[in-house]
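What follows is a single structure, written as structure tokens, with notes after it.
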Amino acid sequence: DRLDEPTLTRLGIPVANVPGGSNSALAEYVVTAASVLLRRFAWGDHEVRAGRYGEFRAAAVAANLPGLHGLTVGIVGMGTIGLAVAKALRAYECEILFYDPSPRDPLAAAWLGATPVNLDELLARSDVVTLHVPLIPATRGMIGAPQLAMMKNGAILINAARGGIVDEAALAAALRSGRLGGAAVDVYPVEPPEAPDPPLAVDGAPASRLPLTPHIAG
């Protein structure tokens with residue numbers, strides 16, 4: 001039998017939806033991933049191990065690498081998780097933009113200082129873009145090559161939502177070109193991902209700007 005809710009109820013198995021159960025964990029993932037990428041911690045690890053300590057340190061000091069404080073962060077999807085992320089970002093005095101045609105709680109978003117904008121403006125203005133939307137026809141492939149091209153040079157993308165929202169081949173190309181500062185990916189169209197999936201094919205220094213995690217952000 002199909003294990004839908006009526007079937008499970010008939011079998012005496014309780015069914016519950018627990019919205020918001022991983023909000024704080026997702027928010028922590030976003031803050032941590034953004035910090036690691038902005039400060040180039042993994043990239044620095046790669047360079048030190050490759051014997052380029054001095055060169056990387058000099059470049060990092062000269063670049064005066066920013067943390068999250070005071071940056072502009074764009075949240076795509078202002079549901080319960082998006083709100084939790086916005087709340088976490090307040091501690092860093094970020095300018096918070098969000099795109100969501102139907103935000104869960106517009107008043108809460110306004111109280112957190114989040115400003116609604118369209119997707120193009122969010123991509124163009126944000127130093128960090130973080131995705132928190134479900135995978136539905138309207139969001140499948142919503143971040144592809146044209147959208148990545150709209151982002152600032154050196155911007156960061158975080159996908160802890162669903163695989164299929166981001167065009168993985170376009171993301172890999174943007175990382176290899178150096179235009180995208182980094183991306184953190186926790187979800188994949190097929191899990192577990194297998195070669196030759198584009199994220200797994202990224203190697204060398206670009207790979208240090210692409211931390212991959214196995215769907216554990218929540």
Given the conditions (1) closer than 23 Å to Ser35 by Cα; (2) touching a residue at least 12 places away in the same chain (Cβ under 8 Å); (3) open to solvent by 30 Å² or more (accessible area, probe 1.4 Å), report the number of the one that Val76 does not fulfil.
(3)
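Just checking, which of Leu171, Leu131, Leu148, Leu210 is among the aliphatic types (A, V, I, L, M), more than 20 Å from Tyr29 (Cα to Cα) and crowded, with 19+ Cβ neighbours inside 10 Å?
Details: Leu171 fails: more than 20 Å from Tyr29 (Cα to Cα); Leu131 fails: more than 20 Å from Tyr29 (Cα to Cα); Leu210 fails: more than 20 Å from Tyr29 (Cα to Cα).
Just a single option satisfies the conditions, and that option is Leu148.
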Every residue from segment 181-196 that is closer than 15 Å to Leu212 by Cβ and surrounded by 18 or more Cβ atoms within 10 Å (Cβ to Cβ):
Gly182, Ala183, Ala184, Val185, Asp186, Val187, Tyr188, Pro193
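Quick one: which of Pro101, Pro106 is at pLDDT below 95, farther than 22 Å from Ser22 by Cα and of a type outside the set (Asp, Glu)? Give the steps one after another, and end with the answer.
Values: Pro106 fails: farther than 22 Å from Ser22 by Cα.
Result of the check over Pro101, Pro106: Pro101.
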I'd like to know if segment 122-131 contains one or more residues that are in contact with a Pro (Cβ under 9 Å, 6 or more places away or on another chain), modelled with pLDDT of 95 or more and not in a loop (DSSP other than H, G, I, E, B).
no
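Residues are listed down the side, and each one gets a yes or a no for (1) farther than 16 Å from Val128 by Cα; (2) part of a strand (DSSP E or B):
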residue: Thr7; (1), (2): yes, no
residue: Gly12; (1), (2): yes, no
residue: Ala16; (1), (2): yes, no
residue: Glu28; (1), (2): no, no
residue: Glu47; (1), (2): yes, no
residue: Phe56; (1), (2): yes, no
residue: Ala62; (1), (2): yes, no
residue: Pro66; (1), (2): no, no
residue: Ile75; (1), (2): no, yes
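The values are calculated or read from the model by the stated rules, or taken from the named source; none is laboratory data. Predicted model, so just to flag it, every value in this text is computed and none were measured. Heads up, the Cβs are rebuilt from the backbone with ideal geometry, glycines too, and the neighbour counts pull from every protein chain shown. These accessible areas exclude ligands, DNA and RNA; they are computed on the full protein's heavy atoms, side chains included. Shrake-Rupley method; radii C 1.70, N 1.55, O 1.52, S 1.80 Å.
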